[in-house]
Amino acid sequence: MSTLQTIQRMIAEQFELKPEDLVPEATLESLGLDSLSVIEFMFNIEDEFKIKLSNELLENIKTLQDVVDIIEKQVAEQHGKAE
Amino acid sequence: MSRRVVITGLGVISSVGKSPDEFFASLMAGRSGIRRLQAPFADKLDIRIAANVPDYNPADYFSKVKLSGIERVSQFALIAGAQAVADAGLEIAEEEQTRAGVTLGTGLGGATTLEEGYEQVFLRGDPRIKPLSVLLSMNNAAASHLSLTYKLQGANVTYSTACASSAIAIGEAYRQIKHGYADVMLAGGSEALLTFGAMKAWEALRTLATEDPNDPGASCKPFSKDRNGLVLGEGAAVLVLEDAERAVARGAKIYAELVGYDCSSDASHITKPDSAGQTRAMRSALRDAGLQPADIGYINAHGTATQAGDIEETRAIKAVFGEHAKVPVSSTKSMHGHVMGATGAVEFMAAVLALHHQAIPPTINLHQPDPECDLDYVPNQGRRDVPLDAVMSNSFAFGGTNAVLIARKFA
């Protein structure tokens with residue numbers, strides 16, 4: 001499963017949204033995720049991908065694609081380091 | 001400015017009922033909501049009985065998305081609040097929103113969240129806890145969710161005065177309307193503290209009733225010689241209070257008028273109740289109501305079923321109502337348990353429903369008369385068709401706060 005597919009599944013499940021609305025260019029705001037929802041979502045992402053997301057990283061997230069990019073970068077950096 | 005304040009809506013979720021009708025029917029039937037707690041930690045408790053909300057499934061009331069931001073104590077408040085608003089047929093126009101508010105009482109607030117968080121960091125060494133823990137556990141969360149849901153833009157205040165919290169919340173809401181600061185208030189209390197840590201803390205204080213060997217439901221025995229303590233409960237009760245003119249103008253159903261309230265502090269001991277402070281609160285509430293003791297047809301007692309507490313309250317009632325007072329006094333805690341921060345609201349609602357139905361709920365499990373508790377406690381059997389014009393509800397708290405509310409038939 002790609003990173004995008006994983007987060008689509010997670011968002012659909014956590015926020016009871018329709019998977020077809022979860023296109024990469026959709027902004028989190030347009031999906032109805034307010035700042036608190038984003039914080040909760042990032043918490044679950046940290047669990048799912050076994051990474052840590054700093055507050056600075058979160059500031060630049062607008063769309064689902066941004067989320068995918070940040071996850072993939074952090075997975076590479078943080079897991080690369082560990083191994 | 002002094003305006004009349006009426007009660008136009010009721011809502012409750014408790015161990016004995018999830019609506020005012022079910023709640024009052026249980027009380028009149030003498031049905032106890034006290035039972036052996038089924039919880040993962042129950043076998044580590046010395047005292048396993050509690051008055052929990054039975055068969056409670058949050059998903060019956062809230063969407064999954066909503067639930068992640070609303071903890072048990074707020075869920076109860078929202079459920080009771082929704083009932084009360086619907087019961088009152090309350091609509092708050094946009095221009096009225098700043099004249100509408102909410103006051104709630106709670107003792108421990110979001111106890112479940114706090115305990116889960118502590119368990120994670122202290123026991124499991126998790127580096128993180130739930131991201132919304134602060135917002136879930138803060139004491140004013142329940143009131144704030146009511147404010148958000150109904151766009152109440154006036155006062156949004158949470159009172160935490162232990163067992164008197166929600167009686168104070170109702171009394172202060174009454175003053176908001178009486179003195180012209182608001183036209184409509186949601187007022188009540190919510191409590192959800194049947195958690196492992198909280199129950200252990202109460203065990204340690206040695207004020208909890210032990211389980212009745214024959215019937216766990218009969219463990220709380222207010223005013224009975226064999227009483228040995230209180231039983232923890234959970235739930236919420238919310239009332240709609242309204243400026244009488246507004247309520248009459250819109251043709252609202254009016255349960256009763258809230259005519260009297262006051263509070264006092266014992267200032268004598270952190271836990272030991274003091275009839276002098278209780279007496280002052282009752283007298284002062286009567287004065288506020290412009291009523292004489294003889295006008296009160298029923299008192300819903302604080303009646304926790306501790307040895308000292310029931311004697312002291314009896315003394316206080318005698319001081320106000322006379323040594324040979326005939327006024328019926330009952331402790332419905334014998335059925336719904338001690339709902340702590342919500343108990344004042346739950347019990348005031350019982351008193352308002354008693355007035356509404358002209359029926360007095362009993363004190364159950366009262367089988368051994370105590371010479372030091374010699375009032376009419378309506379033992380074991382409720383009474384119907386009692387002409388009631390005014391009723392009183394007492395709430396006396398750890399910390400010394402005493403709060404008394406008086407409701408009267410609206411005429």
Discussion item. Considering only region B:168-178, I want to know if a residue exists there that is buried (at least 24 other Cβ atoms within 10 Å of the Cβ), in contact with a Phe, Trp or Tyr (Cβ under 9 Å, 6 or more places away or on another chain) and of a type in the set (Gly, Ala, Ser).
Written reply: yes
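Could you list, in sequence order, all residues of region B:119-142 that are without any contact (Cβ under 8 Å) to a residue 60 or more places away in the chain, under 24 Å from B:Thr106 (Cα atoms) and out of contact with any strand residue (DSSP E or B) (no Cβ under 8 Å at 6 or more places or on another chain)? Step through it out loud before you land on a result.
First, pick out the residues of region B:119-142 that are without any contact (Cβ under 8 Å) to a residue 60 or more places away in the chain: B:119-131, B:133-134, B:138-140.
Subsequent filtering for residues that are under 24 Å from B:Thr106 (Cα atoms) retains B:119, B:129-131, B:133-134, B:138-140.
Across region B:119-142, the qualifying residues are B:Glu119, B:Ile129, B:Lys130, B:Pro131, B:Ser133, B:Val134, B:Met138.
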Response to the item:
Apart from one, (1) closer than 24 Å to B:Lys64 by Cβ; (2) within 10 Å of another protein chain (Cβ to nearest Cβ); (3) in contact with an Asp or Glu (Cβ under 7 Å, 6 or more places away or on another chain) all hold for A:Glu46; the odd one out is (3)
Discussion item. Within 16 Å of the chain's Cα centre (by Cα) and in a loop (DSSP other than H, G, I, E, B): which single residue out of B:Leu186, B:Leu152, B:Leu193 fits that description?
Written reply: B:Leu193
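Could you tell me whether A:Glu16 is closer than 24 Å to B:Lys66 by Cα and touching a helix residue (DSSP H, G or I) at 6+ places or on another chain (Cβ under 6 Å)?
Numbers: closer than 24 Å to B:Lys66 by Cα: yes; touching a helix residue (DSSP H, G or I) at 6+ places or on another chain (Cβ under 6 Å): yes.
Here the answer is yes, as A:Glu16 does meet what is asked.
A quick yes/no check of all residues on (1) within 13 Å of the chain's Cα centre (by Cα); (2) over 20 Å from B:Leu241 (Cα atoms); (3) surrounded by fewer than 22 Cβ atoms within 10 Å (Cβ to Cβ):
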site	(1), (2), (3)
B:Lys318	no, yes, yes
B:Met340	yes, yes, no
B:Phe348	yes, no, no
B:Ala351	yes, no, no
B:Leu355	no, no, no
B:Ile360	no, yes, no
B:Glu372	no, yes, yes
B:Ala407	no, no, no
Response to the item:
Scanning region B:84-139 for residues that are out of contact with any helix residue (DSSP H, G or I) (no Cβ under 6 Å at 6 or more places or on another chain) and of a type in the set (Asp, Glu), the one surrounded by the most Cβ atoms within 10 Å (Cβ to Cβ) turns out to be B:Asp87
Worksheet item: Would it be correct to say that B:Ser32 is in a helix (DSSP H, G or I) and among the hydroxyl-bearing types (Ser, Thr, Tyr)?
Response: no
Fill in: region B:44-55, subset surrounded by fewer than 17 Cβ atoms within 10 Å (Cβ to Cβ) and over 17 Å from B:Trp202 (Cβ atoms), residue farthest from the chain's Cα centre (by Cα)
B:Asp55
Worksheet entry | helices (runs of 4 or more DSSP H) enclosed by region B:47-138 - at least 3 residues per element that are more than 13 Å from every other protein chain (Cβ to nearest Cβ) | B:72-88, B:111-118
Fill in: Failed condition for B:Tyr159, given (1) surrounded by fewer than 22 Cβ atoms within 10 Å (Cβ to Cβ); (2) under 22 Å from the mean Cα position of the chain (by Cα)
(1)
Response to the item:
In region A:49-68, anything within 14 Å of chain B (Cβ to nearest Cβ) and among the aliphatic types (A, V, I, L, M) is listed as A:Ile51, A:Leu53, A:Leu58
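Let's see how each residue does on (1) over 18 Å from B:Ala350 (Cβ atoms); (2) of a type in the set (S, T, N, Q); (3) touching a helix residue (DSSP H, G or I) at 6+ places or on another chain (Cβ under 9 Å):
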{"residue": "B:Phe223", "(1), (2), (3)": "no, no, yes"}
{"residue": "B:Val231", "(1), (2), (3)": "no, no, yes"}
{"residue": "B:Val240", "(1), (2), (3)": "no, no, yes"}
{"residue": "B:Gly251", "(1), (2), (3)": "yes, no, no"}
{"residue": "B:Leu258", "(1), (2), (3)": "no, no, yes"}
{"residue": "B:Pro273", "(1), (2), (3)": "yes, no, yes"}
{"residue": "B:Arg283", "(1), (2), (3)": "yes, no, yes"}
{"residue": "B:Gln292", "(1), (2), (3)": "yes, yes, yes"}
{"residue": "B:Asp295", "(1), (2), (3)": "yes, no, yes"}
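How about region B:243-256: which of its residues are in a strand (DSSP E or B) and within 18 Å of the chain's Cα centre (by Cα)? Steps first, answer last, please.
So in region B:243-256, the residues in a strand (DSSP E or B) come out as B:243, B:256.
If the condition is that a residue be in a strand (DSSP E or B) and within 18 Å of the chain's Cα centre (by Cα), then B:Ala256 is the only one that fits.
No lab work stands behind these numbers, since they all come straight from the coordinates. As the structure is a computational prediction, the values presented were derived from the model and not from experiment. FYI the Cβ positions are ideal-geometry reconstructions off the backbone, even for glycines, and counts take in every protein chain you see.
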